[in-house]
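Heads up, the thing below is written out as structure tokens.
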Amino acid sequence: MRKLTRMAAPECWQKKEYQWNADYVAKVQESPSYKFVWRDSKTCFSCAKEQLMSMTQHNCAFCDGALGVESRKTIEHFRPKESFPQLAYVWDNLFSCCDVCQSEKLAQFDESLLKPDEPTYQFYHYFQVSFRTGEIQPSSIASQSHQQRAEITINLYQLNKLERCKARLKELHAFRPHEGDMLDDFNYRFFLEAAL
Ligand SMILES: [Zn+2]
């Protein structure tokens, strides 16, 4: 999970977010099975989605895998809309995400889950990597609470699934930091940064 700096929401989103949340909360109260939909999907949502994608250079905010090739470009509610309907359209709660992270986390949430745009978050404060297995692990020199947060994050997004570890090692193998490659041209950048 790479640190990201959140850009402001598009103006249209800022204007409508409050009303959309209020509408959604009212609908869910009326009918608990009410299905969530993105509003103004062809205009404002499409603009917001592009903004979220550009914040991560079109990578998943959690696993940093590429979006648009092996995975659809999806939007993740960090705090799930099932438990936090009042946050369903809140900009700070939304992240670019891949199909695998979405399907692993589903509606799970833990207050200790790491958020990639937390002001003090840095990958190496919480995690270390294994260049042998491709796994990421809680940092052995981090405090117990940091290690616990790292562990919860790895588990909820299943960041050490075998295929993900293999993909990181493959990317590392292709990465040539001394030949002028741009880091943003690669995936799993937190893993590659640890190798620099
Ligand atoms: Zn992902």
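Here are the numbers for the structure shown:
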quantity	calculated
Estimated inter-spin distance, Asp92 and Met182, nm [label 7 Å along Cα→Cβ]	3.1 nm
Contact order relative to length of the chain, as percent, for alpha carbon pairs under 8 angstrom and 6 or more apart	21 percent
Residue exposure sequence - Met1, Met7 - by fewest surrounding Cβ within 10 Å	Met7, Met1
Residues Gln19 and Lys81, FRET efficiency given R0 of 22 Å [Cβ-Cβ distance, rounded to 0.05]	0.85
Neighbour-count ranking [beta-carbon atoms within 10 angstrom, fewest first] of Tyr24, Tyr157	Tyr24, Tyr157
Kirkwood Rh in Å, taken over the chain so that all alpha-carbon pairs contribute	17.7 Å
Cα-projected label distance for Thr43 with Ser143, points at 7 Å along beta-carbon direction, nm	4.8 nm
Which of Ser139, Ser41 has the fewest Cβ neighbours within 10 Å, and the rest in rising order	Ser41, Ser139
Förster-model FRET efficiency, 35 Å R0, Met7 and His173, C-beta, rounded to 0.05	0.60
Listed residue pairs exceeding 26 Å between alpha carbons, taken from Lys15/Lys49; Lys73/Lys105; Lys49/Lys170	Lys49/Lys170
Sparsely packed GluC sites (Glu not before Pro) within the stretch 21-87, loop by DSSP, other Cβ within 10 Å at most 15	Glu70, Glu82
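None of the figures in this text is laboratory data; all of them are computed from the coordinates on show. Keep in mind the model is a prediction, meaning the values are calculated, not measured. As a convention, Cβ positions derive from the backbone with ideal geometry for all residues, glycine included, and neighbour counts pool all protein chains shown.
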